[in-house]
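Taking it in order: structure first as structure tokens, then the write-up.
The values are calculated or read from the model by the stated rules, or taken from the named source; none is laboratory data. Quantities reported herein were computed from a predicted structural model and do not represent experimental measurements. Glycine gets a Cβ as well: all are built from the backbone with ideal geometry, and neighbour counts include every protein chain shown. Note: accessible area is taken over every heavy atom of the protein model, side chains too, but ligands, DNA and RNA are not part of it. Shrake-Rupley method; radii C 1.70, N 1.55, O 1.52, S 1.80 Å.
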Amino acid sequence: MKTKKDATIVLHSDTENKTNFGAVTTPIFQSSAYLYPFNEEALKYPRYGNLPNQMEVVEKISRLENAEDGVLFSTGMAAISTVFLTVAKPGDHLIVQDQIYGGTTSFIEGLVKDLKIEVTYHDFCSKPDFSGCVKANTKALYIESPSNPLLKIVDIPKIAKLAKEEGIISIIDNTFATPINQKPITLGVNIVLHSATKYLNGHSDLMAGFVAGSTEMMKKVRKNARDLGCTTNDLSAFFLARGLKTLSVRMERHNSNAQKLTEYLEGHKKVLKIYYPGLKSNPQHGLASTFMKGFGGMFSFEIDMDSNELNEKLAKLKYFKRAVSLGGVESLICLPCETSHSYLPKSERERLGIKDNLIRVSVGIEDFEDLIQDWEEVLS
Ligand SMILES: *Cc1c(COP(=O)(O)O)cnc(C)c1O
């Protein structure tokens, strides 16, 4: 099962051979009702996630993540919330990384706490040893690496090993890295999840989520996904399968474009600080290199401009569109103070290292010379 390499996995699946009526790509199965009994197969229904377009994606992403099984969701947040509700019951305790995706924090501060699930936030980046936070009712830990927007890296193998010793489930949001750059299950993590809205689809045109892990764990996650109604539809699954086919070539380009662009920006006098784990000057470069195959297309930097000048200059960029979201083929920028972290007061943002002049970049797959020239004109 694991003999195929990533670039091949994204293009070929057993599901296709079984279900495609000879078609080279899986046609869209746009039907909500299916005959039964049918070929001794289980009852088919889109919410069950057992139709060809859905199953093809499940097979491919599970293989990319070296996981026994996986479950496809309608959004990243559907995947995240279902996993939390699967691993913890009222009265249980979770340890969560202190800087994570804003939507996840909002869910924890809302429904998770309403359900009387206890949460301790921990800085896994500076202190991988979390044993001081473990209680008798601790069920799981939750990390995100690289993190948003400062691209902090946590020592995944070390944390996974410690979680195993403590007898708790380890969960990671692998959205920024993708399985092309980092395979947490191979590093010992139990559950890997994604906003497939981002790199896995890669074309900024649909929403989906994914969870991968052991057969036993995915059985529970799948049941809850069905009960909560979080499954994605066949049409989105079809487009996700199409996006996925180019994942490994896209990531190669995202990685190299981000590397070249950060190396250029690092030397620029208008750039005060830059956060990218691929840079040799990054204090976590050594750690990241031990388990990441590439460093991804996301980085952020502080620019020496006041907000008026910044707004004026950013509007002049030709290829970096100012938009939320990330991981698509076209380059995007945003200011975390206006987007992911706008809900925090300025003083709290600064404490987290997120200044008003911090720009987050999602580098696309355009020609890197054009991308560099775009910034050159704006920074001069
Ligand atoms: C976007 C994102 C999510 C949420 O995914 P949706 O598809 O928007 O629901 C979760 N984690 C990270 C790191 C993300 O970037």
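Annotations
Yes or no, residue by residue, for (1) more than 26 Å from Ile61 (Cα to Cα); (2) over 22 Å from the mean Cα position of the chain (by Cα); (3) away from the ligand (no atom under 13 Å from the Cβ); (4) at pLDDT 95 or above:
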residue	(1), (2), (3), (4)
Ser81	no, no, no, yes
Gln97	no, no, no, yes
Lys135	yes, yes, yes, yes
Leu151	no, no, no, yes
Lys158	no, no, yes, yes
Gly167	yes, yes, yes, yes
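- Any hit, region 292-301, residues being without any contact (Cβ under 8 Å) to a residue 60 or more places away in the chain and of a type outside the set (Gly, Ala, Ser): no
- Subset of region 332-345 [surrounded by 20 or more Cβ atoms within 10 Å (Cβ to Cβ) and at pLDDT 95 or above]: Leu332, Cys334, Leu335
- Look at (1) in contact with a Ser or Thr (Cβ under 8 Å, 6 or more places away or on another chain); (2) closer than 23 Å to Gln54 by Cα; (3) crowded, with 21+ Cβ neighbours inside 10 Å and you find that Lys220 fails only one, number (3).
- Whether a residue is at pLDDT 95 or above and either within 21 Å of the chain's Cα centre (by Cα) or open to solvent by less than 10 Å² (accessible area, probe 1.4 Å) (or both) was assessed, and Ser289 passes this test.
- Flag if Thr178 is out of contact with any Cys (no Cβ under 7 Å at 6 or more places or on another chain) and under 23 Å from Leu51 (Cβ atoms): no
- Filtering region 131-149 to residues that are under 19 Å from Leu193 (Cβ atoms) and buried (at least 21 other Cβ atoms within 10 Å of the Cβ) leaves Ala140, Leu141, Tyr142, Ile143, Glu144, Ser145, Pro146, Ser147, Asn148.
- Residues of region 191-209 satisfying the condition of being among the hydroxyl-bearing types (Ser, Thr, Tyr) and more than 9 Å from the ligand (Cβ to nearest atom): Tyr199, Ser204
To keep it simple, each residue is scored yes or no on (1) touching a residue at least 40 places away in the same chain (Cβ under 8 Å); (2) more than 27 Å from Thr339 (Cβ to Cβ).
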{"residue": "Val112", "(1), (2)": "no, no"}
{"residue": "Lys116", "(1), (2)": "no, yes"}
{"residue": "Ser126", "(1), (2)": "no, no"}
{"residue": "Lys135", "(1), (2)": "yes, yes"}
{"residue": "Glu144", "(1), (2)": "yes, no"}
{"residue": "Pro149", "(1), (2)": "yes, no"}
{"residue": "Ser170", "(1), (2)": "no, yes"}
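- Residue within region 359-379 that is under 25 Å from Thr175 (Cβ atoms), without any contact (Cβ under 8 Å) to a residue 40 or more places away in the chain and either open to solvent by 70 Å² or more (accessible area, probe 1.4 Å) or assigned to a loop (DSSP other than H, G, I, E, B) (or both) present: no
- Flag if Lys183 is under 24 Å from Thr75 (Cα atoms) and basic (Lys, Arg): yes
- Taken over region 289-322, the residue count meeting the criterion of being in a loop (DSSP other than H, G, I, E, B), out of contact with any helix residue (DSSP H, G or I) (no Cβ under 7 Å at 6 or more places or on another chain) and not acidic (Asp, Glu) is 1.
- Leading residue by the ranking (farthest from the ligand (Cβ to nearest atom)) among those in region 99-122 that are modelled with pLDDT of 95 or more and exposed (fewer than 15 other Cβ atoms within 10 Å of the Cβ): Lys116
- Identity of the residue in region 44-57, open to solvent by 30 Å² or more (accessible area, probe 1.4 Å) and outside any loop (DSSP other than H, G, I, E, B), that ends up nearest to Thr178 (Cα to Cα): Met55
- Taken together, the criteria place Ser281 among residues that are surrounded by fewer than 20 Cβ atoms within 10 Å (Cβ to Cβ), away from the ligand (no atom under 16 Å from the Cβ), part of a loop (DSSP other than H, G, I, E, B) and of a type in the set (S, T, N, Q).
- Region 174-184, subset part of a loop (DSSP other than H, G, I, E, B), of a type outside the set (Val, Ile, Thr) and within 16 Å of the ligand (Cβ to nearest atom), residue nearest to Val361 (Cα to Cα): Phe176
- Looking across region 302-331 at every residue that is touching a residue at least 60 places away in the same chain (Cβ under 8 Å) and surrounded by fewer than 21 Cβ atoms within 10 Å (Cβ to Cβ), the one that is nearest to Leu151 (Cα to Cα) is identified as Ser325.
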